[in-house]
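Engineer: I have a structure here, written as structure tokens, and I will follow up with some questions on it.
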Amino acid sequence: MAAALALAAGAVQAGNGRAWTLDRVSQGLQAQGRAVTVVYEPGPRDAAVPASARIIQVYASRDYDSTAHVSTRLCWGSEQGPCVPLEGRSVETHAFDGRAARGPLLLVHRVEGWGSDHPPVFVRGTVTVWFSLGLY
């Protein structure tokens, strides 16, 4: 359990690479078509992810308990991107390689249709950023 908590809240070293992971839950999605953004970034005092660190891979996943159809995009820097869509529950991407590993990265959720459900819908998201300390 302690290892899982450490992984969920900060930077870790794994083999030759380093990574940080953060789990967060969105505020409730209340209206169809209105985006809810969740920001993922290491803490301001997290020395394990220096400003010079560069992304080498990103993984993001999302999960929610609803029949609503929710679209999610993973973005770097802002909602305007660059962004990649999550097809299904997760995405692994190199689209942000070379960008600052401190991010921020964002999961942008939007209800496309309610199905047989109703508001609010809460989305649990996880973002893992693998990074290099050297020159990219």
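The values are calculated or read from the model by the stated rules, or taken from the named source; none is laboratory data. If you're wondering where the values come from, they're calculated on a predicted model, not measured in any experiment. Every residue, glycine as well, gets a Cβ built from its backbone with ideal geometry; the counts of neighbours run over all protein chains shown. Surface areas here come from the heavy atoms of the whole protein model, side chains and all, with no ligands, DNA or RNA. Shrake-Rupley method; radii C 1.70, N 1.55, O 1.52, S 1.80 Å.
Engineer: For residue 59 and residue 133, FRET efficiency with R0 = 22 Å and r from the beta-carbon atoms, rounded to 0.05? Each step should come with its number before you reach the end.
Structural biologist: On the way: r = 19 Å, r/R0 = 0.87.
With R0 = 22 Å, the Cβ-Cβ based efficiency is 0.70.
Engineer: Compare 63, 117 by solvent-accessible area with a 1.4 Å probe and give them largest first, with all protein chains kept in place. Could you put the intermediate results ahead of the total?
Structural biologist: Numbers: 63 75, 117 50 Å².
Output order, biggest surface exposure first: 63, 117.
Engineer: Quick check: residue separation of residue 27 and residue 116 times 0.36 nm, minus the Cα distance between them. What number comes out in nm? Kindly include the intermediate steps, with their values, before the conclusion.
Structural biologist: Numbers: separation 89, 0.36 × 89 = 32.04 nm, distance 2.05 nm.
Fully extending the segment from residue 27 to residue 116 adds 30.0 nm.
Engineer: Here is a follow-up. What is the calculated FRET efficiency for residue 97 to residue 47, with r their C-beta to C-beta distance and R₀ = 22 Å, to the nearest 0.05? Don't skip to the end; give the middle numbers.
Structural biologist: Details: r = 23 Å, r/R0 = 1.04.
For residue 97 and residue 47, the calculated efficiency is 0.45.
Engineer: With a ≥ b ≥ c taken as the square roots of the eigenvalues of the C-alpha gyration tensor of the range 41-136, please select rounded if a/c is under 1.5 and otherwise prolate if a/b is larger than b/c or oblate if it is not?
Structural biologist: Values: a/c = 2.85, a/b = 2.31, b/c = 1.24.
Prolate, because a/c is 1.5 or more and a/b exceeds b/c.
Engineer: For 52, 26, 132, write out the residues from largest to smallest accessible area, computed with a 1.4 angstrom probe and no ligands counted.
Structural biologist: Working: 52 70, 26 5, 132 35 Å².
From most exposed to least exposed: 52, 132, 26.
Engineer: Further, regarding this structure: Using a 1.4 Å probe on the protein heavy atoms only, what accessible surface does residue 36 show? Give it in Å² to the nearest 10.
Structural biologist: 10 Å²
Engineer: In whole percent, how big is the carbon plus sulfur part of the accessible area of the range 85-136, probe 1.4 Å, protein atoms only? Numbers along the way, then the final one.
Structural biologist: Numbers: 1390 of 2650 Å².
About 52 percent, which is the carbon plus sulfur part of the accessible surface.
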